[in-house]
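To start, the structure itself, in structure tokens.
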Amino acid sequence: SILATEVAQELYESVMGENPSEFKGEKNLPVENVSWVDAVAFCNELSVKEGLNPCYSYKENTNAAQWGLDNNEMSDWLENKWKKFNKSFACDITADGYRLPTVAEWQWAAMGGQVFKCSGSDNLDEVGWYDKNSEEKTHPVAQKKPNGYGLYDMSGNVCEWCWGSYSSFSNGRYNCGGSWYDIADFCEVGYRYWFDAYITDNNVGFRIVRSTGK
């Protein structure tokens, strides 16, 4: 199962006790300025809060508060902590907790059982916020037309982190969907990009999934 919207600031703050987003003020704005590690930590914390089994572990530890991965210590991350990053992180997809979608899961959900360039339409203005209509900011989730599966903002608004690395030699993690900042081509269903897992930006957020066993 997949969340119908990008994770909103209110939900993120209720779980993590903070809101790192640059764009604030309106209700139901997507959370942004979150790294890939922030996103997977949120998944584990929400899972524990709801009595579910966490999916992610770092050095075999599922307690995100004990991972010791601090975005503010950039030099330490680059020079020391991230050298064996890929081998240290694991995801138990059989667990019933929350996690990020794989790129394949994300793209399948974004298609919505339809054949469009963007998620829900060939006309991006109908379904997403991008550089031509966003007024250089995020917008509350679920304001545009959903796709065939009832999912909102899978094209535009904020890029969405996915599970899966760019290569076995990189800390790069994929994101999909494009954002308020991007041109229309970047918001197409098949497009994907990658950032290092510690990167934060005001156009990058995420949505969550669960393996339900159904």
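The values are calculated or read from the model by the stated rules, or taken from the named source; none is laboratory data. Computed from a prediction, not measured in an experiment: that's the story for all the values here. Note that each Cβ is placed from the backbone with ideal geometry, even for glycine, and that neighbours are counted across all protein chains shown. These accessible areas exclude ligands, DNA and RNA; they are computed on the full protein's heavy atoms, side chains included. Shrake-Rupley method; radii C 1.70, N 1.55, O 1.52, S 1.80 Å.
Quick notes on this structure:
- Single match in Y198, Y152 (criterion: hydroxyl-bearing (S, T, Y), open to solvent by 10 Å² or more (accessible area, probe 1.4 Å) and more than 19 Å from C118 (Cα to Cα)): Y198
- Pick from segment 49-77, criterion open to solvent by less than 70 Å² (accessible area, probe 1.4 Å), polar (S, T, N, Q) and at pLDDT 85 or above, ranking: farthest from the chain's Cα centre (by Cα): N61
- Of the residues making up segment 127-135, not a single one is open to solvent by less than 40 Å² (accessible area, probe 1.4 Å), touching a residue at least 60 places away in the same chain (Cβ under 8 Å) and of a type outside the set (K, R).
- Residues in segment 98-109 that are over 10 Å from I2 (Cβ atoms), touching a strand residue (DSSP E or B) at 6+ places or on another chain (Cβ under 7 Å) and not polar (S, T, N, Q): Y98, R99, L100, V103.
- When the residues of segment 109-126 are filtered to those that are assigned to a loop (DSSP other than H, G, I, E, B) and in contact with a Phe, Trp or Tyr (Cβ under 7 Å, 6 or more places away or on another chain), the one that is most open to solvent (accessible area, probe 1.4 Å) is D122.
- Residues in segment 22-48 that are modelled with pLDDT of 95 or more, in a loop (DSSP other than H, G, I, E, B) and open to solvent by 10 Å² or more (accessible area, probe 1.4 Å): E22, F23, K24, N28, N33.
- Residue check for W161: within 28 Å of A90 (Cβ to Cβ) and in contact (Cβ under 8 Å) with a residue 24 or more places away in the chain: yes
- Matching option when the condition is in a strand (DSSP E or B) and not charged (D, E, K, R), among W180, W129, W161, W106: W161
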